[in-house]
Amino acid sequence: MLELYGTTISSRLLLGTARYPSPAVLAEAIRRSETRIVTVSLRRETASGKTGGVFFEMIRDLGVRVLPNTAGCHSVSEAVLTAKMAREVFATNWIKLEVIGHHDTLQPDVFSLVEAARILTAEGFEVFPYTTDDLVVAEKLLEAGCKVLMPWCAPIGSAAGPLNLTALRTLRGHFPDVPLIVDAGIGRPSHAATVMELGYDAVLLNTAVAGASDPAAMAGAFARAVEAGHEAYHAGMLEPRDMAVPSTPVIGKAVFA
Amino acid sequence: MRILVKGAGVAGLAAAHELAVRGAEVTVVDPRPDFSNAASWFAGGMLAPWCERESADEAVLQYGGGAADWWAVALPGEVHRKGTLVVAPPRDVSELKRFAARTSGHEWLGEEEIAALEPALAGRFRLALFFPREAHLDPRRVLKALRDKLTAAGVRLVEEAQSEGAFDRILDCTGAARIADLGGLRGVRGEMLYLRSAEIELVRPVRLLHPRIPVYIVPRGDGLFMVGATMIEADNDGPITARSLMELLNAAYTLHPAFAEATVAETGTGVRPAFADNFPRVVTAGRTIAINGLYRHGFLLAPAMAREAAEAVFAEQPKERNFP
């Protein structure tokens, strides 16, 4: 079972809640995905609403755990402030930490990320850092107190799928005991299965489901792909060979031709 | 039949029109008759059900398909049937393909056809989608014109709260005022701005697709352009944020660099009331019928909702007589 900061989680699929056609569609996608954790981005306009946010009440009512994120933050201070606001709104120490370094590609600013992770950990947060697939950055994040890593496999929303399998394998190989969640870049269920086959612990998706023509059906498809990849990893897969190997022995077979 | 319509935004005025046409004696009450409380004051005014189908259910076509006709009959001359142009920067052409896959009623245009429709955009986009059956109107002109038409037809417009006992039915069209009180209604914040430029001329609404920040620009005539709109899950109607302003301006600039020289005539924020499925409904509770949840489809879906509410009012009238 997946364990994140001491909490056992029954699903290996995490779902983002942005950009669905409607909250009703989002709720159905969450149900079909069987996810236990959803990420929610908090904007300042949201936190200062008059009624405390019907949208957030809806999400809280879905019965899943909320992992607030600092999406859209471009600096350490902004990310720290957003994390503190999220802690109040959602009453959780969990925070998915995003510090964006590049406006167009939404590439993480890994320097600020490490710094923000250090500050938030000291303040009692349990940090889920959204990072690149860089090994050294990953080490620094662990030093900063993170106990989970969330590397991208391609830029956010790109739907490109795993671009650098070697880097993903390296992370897995170096941190066998740290929960690794691929966050960002997955476009289709086969991408999710691929990273799970590498031994990743979970996958976080948003656009791939929210942007599908039928988000609820796509959520179900991803749930099965994640499960299949995970089972396959533990079942021991064959390595590709350069020659054909028949599944039935040829020796002793009657020859007619 | 004496009816009190609460709220003089697009939902209230459209409902008052439907009821007055059917012969009801209508009073419309709104503490702010200058529309400063109405989300519809900040609307784009696009009658674009085919484009909206991209993210909305099929019902948006079914209920919104007749909107342009309704407005054209109610207020002759106010509806511009020029279609909608949807473009994307070369880098985001895949967004255009995605949009096309989810919508119908469109045709693909090449560079020359784009230039023929909108000469100001000549040479700027290689590919576009054109939705010829769509239309647009100017929400502010239309709200005022509808108010004047109703007043001329004998509908009373008042600011002071009315004693509800004096009316047979109450039509609640108070929109965002009912957030958190009417089952599951929430607010979706929208920010917009008006730009003024004498250098660009557009004939029809243009939607610019972008993976994160899709925007539309609607020409209002006389060099005025409405740029909208953000979609933020919040019922906060405070001033536009610097980020939203920057994103909207960026998009306008991407559509045409001449917008960099435009002046910012106004910025505005409205809270759109929406139900969980983002589709409006008519809710009956005793003598009160509520129209709410018009979301980003005020001018598009208010006619259908107004008709539904008016039918509900008149359909139940004989029953009331039979069982006093």
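The values are calculated or read from the model by the stated rules, or taken from the named source; none is laboratory data. The structure presented is a predicted model; accordingly, all values stated were derived computationally and were not measured. Cβ coordinates were reconstructed from backbone atoms using ideal geometry, including for glycine residues, and neighbour counts include every protein chain displayed. Ligands, DNA and RNA are excluded from the accessible area calculation, which covers all protein heavy atoms including side chains. Shrake-Rupley method; radii C 1.70, N 1.55, O 1.52, S 1.80 Å.
Laid out as a table, the results:
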quantity	calculated
Between 0 and 90°, nearest 10: helix A:110-122 axis offset from chain A longest Cα axis	60 degrees
With Cα atoms, 0 to 90° folded angle of helix B:298-315 axis to chain B main axis	20 degrees
Interface area, A with B, accessible, probe 1.4 Å, both sides summed, Å² nearest 100	2100 Å²
Per-pair calculated FRET efficiency, R0 = 51 Å: A:R188 and B:L224 via Cβ, rounded to 0.05	0.70
Amide N proximity, the range B:86-102 versus B:A116 label position 7 Å along Cα-to-Cβ, cut-off under 17 Å	B:86
Cut-off 11 Å between beta-carbons: net charge of the residues surrounding B:E107, Lys and Arg +1, Asp and Glu -1	0
For the range B:7-18, 3J(HN,Hα) per residue [Karplus equation, 6.51 cos²θ - 1.76 cosθ + 1.60, θ = phi - 60°, Hz, x = Gly/Pro]	x, 10, x, 5, 5, x, 6, 5, 5, 4, 5, 4
Using a Förster distance of 22 Å, the FRET efficiency for A:R31-A:R60 (Cβ separation, nearest 0.05)	0.90
GluC sites (Glu not before Pro) restricted to DSSP loop in the range B:81-174 with at most 11 other C-beta within 10 Å	B:E159, B:E160
Accessible solvent surface per residue of the range A:27-124, calculated while the other protein chains remain in place, 1.4 angstrom probe, Å²	43 Å²
Relative contact order for the range A:160-241, counting Cα pairs under 8 Å that sit 6 or more residues apart, in percent	31 percent
Estimated inter-spin distance, A:R241 and B:A180, nm [label 7 Å along Cα→Cβ]	6.7 nm
Top positive-direction residue, dipole computed over the range B:113-223 with Cβ charges, set B:T151, B:G165, B:A128	B:A128
Euclidean distance between Cα centres, the range B:155-177 to the range A:92-106, Å	47 Å
Cα-based shape type of the range A:1-100, given that a ≥ b ≥ c are square roots of the gyration tensor eigenvalues and the cut on a/c is 1.5	oblate
Pairwise FRET efficiency - A:T248 versus B:K149, Cβ, R0 = 56 Å, nearest 0.05	0.10
Pairwise label distance in nanometres, B:A166 with A:E197, each label 7 Å out on the Cα-Cβ vector	7.6 nm
B:E201 paired with A:E123, simple spin-label distance in nm, labels 7 Å along Cα-to-beta-carbon	5.5 nm
Radius 12 Å from Cβ of A:Y200, net charge of other residues (Lys, Arg +1; Asp, Glu -1)	-1
Nearest 10 degrees, 0 to 90: helix B:139-152 Cα axis against chain B principal axis	30 degrees
Estimated dipole of the range B:179-312 in Debye, rounded to 20 [Cβ of Lys and Arg +1, of Asp and Glu -1, Cα centre]	280 debye
Distant-in-sequence amide H partners of A:W94 (H built 1.01 Å from N, under 5 Å)	A:E126
Inter-chain Cβ neighbour average for residues B:231-240, partner chain, 10 Å	6
